[in-house]
Structure formats: C-alpha cells, structure tokens
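J.: Mind having a look at this structure? Questions to follow.
The values are calculated or read from the model by the stated rules, or taken from the named source; none is laboratory data. Predicted, not measured: the structure shown is a model, and the values here were computed from it. Quick reminder, even Gly has a Cβ in these numbers, built from the backbone with ideal geometry, and neighbours come from all protein chains shown.
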Amino acid sequence: MAGATTEQQFTITDQTGRLDKVLAALQSVWTRSQVDKLIKTDQVTVNGQLEASKYHVKPGDEIVVAAQTVQQTTIEPENIPLDIVYEDDDVLVVNKPQGMVVHPAPGHPNHTLVNALLYHSPLSTINGEFRPGIVHRIDKDTSGLLMVAKNDRAHQSLAAQLKAKTNLREYVALVHGVIKEDTGTINAPLGRSPKDRKKQAIVKTGRPAVTHFKVLKRYQHYTLISCRLETGRTHQIRVHLQSIGHPLVGDPLYGPKKTIKGHGQFLHAKLLGFKHPVTGDLLTFEAPLPPIFTTTLAKLDKTDGNH
C-alpha cells in the first residue's frame, strides 16, 4: 500500500460564501461533502490557519488543501503474536505493545495490529478495508489496551459508547517537571497544526478535547500521573500535557530533545472499561506497565527520588 499527500493551492479573487461551497466550486476533484470531510479532518488551511466549513472566504485568502491519499490494496493477515486480555464472539481486548502501529497507513503498509487481528479472527467492516474492527486507536509508541469489534453490531455499540463518553479509559504517563496540583483538567480544542502537518495543536477551530489528570508520584524532575480521557483526539494527552509545560518523557514529537531514552513516549493505556455490546455487562480490564516503563521508574526511585 502506497500513500501520498496531494497539495493544491487556491487564491480567492472575487469568490464569496462558505469555505466548503467555494472550495468545491474551485476544483473538480472533490464534491462538497468530500470537501467538508477534508476540512473537518484538518486537511484544509486558510492563510495558514484551520477554519470551519462555515468560514466566509474573502478576496486574498490563500487556501491550501493537503489531502492524504491511499492506494487501495488488500491487507494481508499476518501471524503476529497478540497479547489478548479478553475475547468472546463479539469483542476482543488486546494489550498492544509499544512500537506497533494499529492499522495500515502511508509508511506502515503491514506488520500492524490489524494484520495480526485479521489472522486471528473475523472483524467488523464498518471502518472500511484498512481499519476493520478498530473502534479507537492509540499511537504507535503508546502501549496498552484497545477494544476491538468482531462484528458490525458490536462495533456500532462500542462506537456509540465512545461518542456518549460512557466508557472508561485511563492512562499512566511520565512527564517532565513537577506538577504542583494533585489533580487537574485540561480543556482545550485540538486540530492539525497549521505550522507542522505532522503535529496536532491547540487551535480555536479544533475539536473539543478534555483530559483529566491525577498525580501518582512526584520525583525531583519528573511526575508520574494517571490521565482519564473524556474525548479521544489524535495525540490528545501528548499535546495537552505539553501545553501546560509538562511534556511526556521520551516523546519525539512534542517533548524536549533532552529526555530519558526509551522507545518513544512513556504513555500506557492501563485501564479500559465498557458495556458488553450484547449482554450489557460492564467489563473492565487492566494491563500492567511494560518492562521499559517499570525499569525506568525503578531507576528514578534511586536517582531522582524526593529525599
């Protein structure tokens, strides 16, 4: 599977009206509904800023569309070992290792969690060919629990729970600096960064994002915290914690260059809870911290503890 980013630029002269309507009329590649989707997925900027579909364009506006395209191919099931925490006929809970990509995308055509899942079991089809069974995801270098739908009925139920914010998702994170408050909430909208399209950022036109955190342990130069998500935006915990001056340890994208060595950010999806899509029973699961995380904390106890 090959992927690319097609970029088109437009300068508004005498066109007026909503951004989605004007952009649809300016070109012949995308329909208005497709343009609306591009805007909502942060693939359109106006004068370097993310704007909503209802933004009223004006003469001189520079519109850039950087749309990711994926060449359609078949995903091959791969016999990759899985750490399955729970499984029945409808759902599956897996403990994803750090370093594994959740589903195929440009730059990661295979060896993903989806490749492994397809070898193991039938999956729901709602999210299309490249994300079968995937209801939510975590970053490549984040470890921990994911719920997977094995059929479309289960997928619809689990997705509805995510939308209604009734499921439980808690993470453990190691961050730079000492957080003084015992608890806190970060409420800041997130969208694609207009300065670097590989990054997410806090932008006024972004999607609502809420992260609650609680201090578990303080070191001299670091803090161990738990994070509970109300929303599940891309890179949400990473960007939110950076925004309050406490970036994740080991984060190659949002953290400082001088950090503790590892294999990416020290972030682990430890706790996952949801109602079973068929029985309605509340299921909760917990995954222990991976060895690199526990080893690092043990070292900090000796070298960076609060004496």
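J.: For segment 249-284, name all the residues that are farther than 19 Å from ALA201 by Cα and aliphatic (A, V, I, L, M).
T.: Answer for segment 249-284, where residues must be farther than 19 Å from ALA201 by Cα and aliphatic (A, V, I, L, M): ILE260, ALA269, LEU271, LEU272, VAL278, LEU282, LEU283.
J.: OK, next. Might you check whether a residue that is outside the structural domain of HIS111 (by TED's automatic domain parsing), without any contact (Cβ under 8 Å) to a residue 24 or more places away in the chain and either closer than 15 Å to ARG197 by Cβ or assigned to a loop (DSSP other than H, G, I, E, B) (or both) occurs anywhere in segment 44-56?
T.: yes
J.: For segment 164-209, which strands (runs of 3 or more DSSP E) that fit wholly inside it have 2 or more residues that are of a type outside the set (Phe, Trp, Tyr) and within 19 Å of ALA52 (Cβ to Cβ)? It would help to see each step written out before you state the result.
T.: Values: elements: 168-176, 183-187, 190-192, 200-202.
Strands (runs of 3 or more DSSP E) meeting the threshold: 190-192, 200-202.
J.: Let me ask something else about it. State which residue is surrounded by the most Cβ atoms within 10 Å (Cβ to Cβ) when the search covers only segment 157-176 and only residues that are more than 28 Å from GLY245 (Cα to Cα) and touching a residue at least 60 places away in the same chain (Cβ under 8 Å). Can you show your working first?
T.: We begin by selecting, within segment 157-176, every residue more than 28 Å from GLY245 (Cα to Cα); these are 157-164, 166-167.
Now drop any that are not touching a residue at least 60 places away in the same chain (Cβ under 8 Å), which leaves 157-158, 161-162, 166-167.
Values: SER157: 19, LEU158: 24, GLN161: 18, LEU162: 17, THR166: 12, ASN167: 22.
Checking each candidate, the answer is LEU158.
J.: Against the definition (part of a loop (DSSP other than H, G, I, E, B), within 30 Å of ASP281 (Cα to Cα) and either at pLDDT 95 or above or among the hydroxyl-bearing types (Ser, Thr, Tyr) (or both)), how does THR234 come out, yes or no?
T.: Values: part of a loop (DSSP other than H, G, I, E, B): yes; within 30 Å of ASP281 (Cα to Cα): yes; either at pLDDT 95 or above or among the hydroxyl-bearing types (Ser, Thr, Tyr) (or both): yes.
When the stated conditions are applied, THR234 passes them.
J.: Could you grab me the full set of residues in segment 193-220 that are exposed (fewer than 14 other Cβ atoms within 10 Å of the Cβ) and more than 24 Å from GLU181 (Cβ to Cβ)?
T.: LYS195, ASP196, LYS198, LYS204
J.: Moving on to the next point. Kindly establish whether GLY184 is surrounded by fewer than 22 Cβ atoms within 10 Å (Cβ to Cβ) and in contact with a strand residue (DSSP E or B) (Cβ under 9 Å, 6 or more places away or on another chain).
T.: On the way: surrounded by fewer than 22 Cβ atoms within 10 Å (Cβ to Cβ): yes; in contact with a strand residue (DSSP E or B) (Cβ under 9 Å, 6 or more places away or on another chain): yes.
Answer is yes for this residue.
J.: Still on this structure: So VAL91 passes all but one of these: (1) assigned by TED's automatic domain parsing to the domain that holds ARG153; (2) exposed (fewer than 15 other Cβ atoms within 10 Å of the Cβ). Which condition number does it fail?
T.: Condition (2) is where VAL91 drops out.
J.: Within segment 252-288, can you find the residues that are assigned to a strand (DSSP E or B) and either on the phi > 0 side of the Ramachandran plot or among the aromatic types (Phe, Trp, Tyr) (or both)?
T.: PHE274, PHE285
J.: Next question. For the structure I just gave you, tell me whether ILE244 is aliphatic (A, V, I, L, M), under 18 Å from LYS180 (Cβ atoms) and in contact with a His (Cβ under 9 Å, 6 or more places away or on another chain).
T.: On the way: aliphatic (A, V, I, L, M): yes; under 18 Å from LYS180 (Cβ atoms): yes; in contact with a His (Cβ under 9 Å, 6 or more places away or on another chain): no.
No, not satisfied.
J.: Here is a follow-up. Being surrounded by 19 or more Cβ atoms within 10 Å (Cβ to Cβ), within 20 Å of GLY144 (Cα to Cα), basic (Lys, Arg) and out of contact with any Ser or Thr (no Cβ under 7 Å at 6 or more places or on another chain) narrows it down to one of LYS275, LYS270, LYS261, so name that one.
T.: Numbers: LYS275 fails: surrounded by 19 or more Cβ atoms within 10 Å (Cβ to Cβ); LYS261 fails: surrounded by 19 or more Cβ atoms within 10 Å (Cβ to Cβ).
Result of the check over LYS275, LYS270, LYS261: LYS270.
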